[in-house]
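The next block holds one structure in the form of C-alpha cells; read it before the comments.
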Amino acid sequence: MRYLTPSSRPGGAALAALLFLVSLAGPSLADPLPDITLANVYLDQYCNIHVSAANIGQAGVPLGKYPMSENVRVAVYLDGQTGSNWCSTYLSTFDPNRSLSHPAGSVTGQMGRRLDPGQPHEVRVVFDPAASLDEVTKANNSITRTLTCQRPLPDLAVTSVTLTPPTAAGFCEIKVTVRNIGQGEIPPDEFSHGYLDFSAGGVRNGYSFPYIDKAGALRHPGGEIQVSPPGALGRVARNQAVTLTVDADSDGPGNHQSTIVESNEANNRVTRVLRCLPTFQTKPLPGPLAPKPRTIPRIPRSR
C-alpha cells in the first residue's frame, strides 16, 4: 500500500502549510509545561521579605522568559492592595542561577524591600501577575501570609561636639562623636547609604558611613566613632566662633532625609556654637614677686 503525505494529497500543500503554522504558534497540548508554586514567604533578621518558589512541572521555565523584556515578575501586594504592587522584581533577579529553568528546581529570593517594625501586615506574593509564562496552572502562583516585623532598632545620636585646644598653627580642631545608643543593628544596605553631614557658614560636606567607619562600629549597639569634619569645616581659627550643624543620618551632602530606620530620629541632628579660645595656664611668679615661705615661730609650752 502506498501512503500519501499531506503535500501529495489534493490540497495537501495548503494543509502542510497550516500544520507548520500551528507548530510555530506555541506548544501543543502534549508538550510538557513548567508549574511554578510559591512555597513560603518570610522575614529575615532585618525584616527583608524572602519568597521561596519551586517548579513542580515536567518542564523548565524557558530561558527566553528570563530577560526583563518578557515581563515575568514576582510581585508583593501589601494589606489588600490591588492593581499596583508594593514592590516587584524580575525573574532574572529573583532567580539569577536559573534554577526554575529545570523541573524540580527551587529558589529563594529577596524582594528588595523590608517591613518596618510595628503592626502586622498582610503580605500577598504573586508569581507572574501578567501571565506572561505558559504553565500547567496559575492557581498556585500566589501565597498570602500575615507577617510582623519585630526587630529591635538602632538609634544614632550625636553625643558630643567639642574643640581641641589651639594648635601652634592657630586653630582649634572640631571633634564629633556619634554613637549607636539603640538596641538593634543597622542593616548592611542601610549602613552603605548612611551619611554623616556637616554644615557651617553655608558650606556643607561630610562622609559616607562605609568611608568613615570602615570597621562598621556604628552598625552594632554601643558602637561609636569620633571624627573631625572634612577640610576647613573641621577647624576654627583662634578667637573665632562658628555655628556647626551635624546630621548623623543624612542621605547626602546638604540633605536631611533619613536613610536608616531608627527608634528615635530626634537626636540625629544637633547645632553647636563653637569658640576657639586660648588656654590659660597658671605659672609661678618670677623672682622677688614669688611668695616667700613663712616661718611659724615656736611657742614654748608652759610647765
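The values are calculated or read from the model by the stated rules, or taken from the named source; none is laboratory data. Keep in mind that what you see is a predicted model, and the values were worked out from it rather than measured. Every residue, glycine as well, gets a Cβ built from its backbone with ideal geometry; the counts of neighbours run over all protein chains shown.
Within the stretch 247-263, the presence of a residue that is farther than 20 Å from I212 by Cα, at pLDDT 65 or above and not in a loop (DSSP other than H, G, I, E, B) is excluded.
Filtered by the rule that a residue be out of contact with any helix residue (DSSP H, G or I) (no Cβ under 7 Å at 6 or more places or on another chain), more than 13 Å from E224 (Cβ to Cβ) and surrounded by 21 or more Cβ atoms within 10 Å (Cβ to Cβ), the stretch 170-187 gives a lone residue, C172.
Which residues, taken from the stretch 99-139, are polar (S, T, N, Q), touching a residue at least 40 places away in the same chain (Cβ under 8 Å) and in a loop (DSSP other than H, G, I, E, B)? If the condition is that a residue be polar (S, T, N, Q), touching a residue at least 40 places away in the same chain (Cβ under 8 Å) and in a loop (DSSP other than H, G, I, E, B), then S132, T137 are the ones that fit.
Looking at G223, is it crowded, with 18+ Cβ neighbours inside 10 Å, touching a Pro at 6+ places or on another chain (Cβ under 7 Å) and outside the structural domain of D44 (by TED's automatic domain parsing)? Criteria not met by G223.
Scanning the stretch 5-56 for residues that are modelled with pLDDT of 55 or more and aromatic (F, W, Y) gives Y42, Y46. Every condition in (1) at pLDDT below 95; (2) charged (D, E, K, R); (3) surrounded by 13 or more Cβ atoms within 10 Å (Cβ to Cβ) is met by E122 except one, and the failing one is (1).
Considering only the stretch 170-194, state which residues are outside any loop (DSSP other than H, G, I, E, B) and of a type in the set (V, I, T).
Listed by number, the residues that qualify are I174, V176, T177, V178.
Could you tell me whether D128 is of a type in the set (D, E) and modelled with pLDDT of 95 or more? Criteria met by D128.
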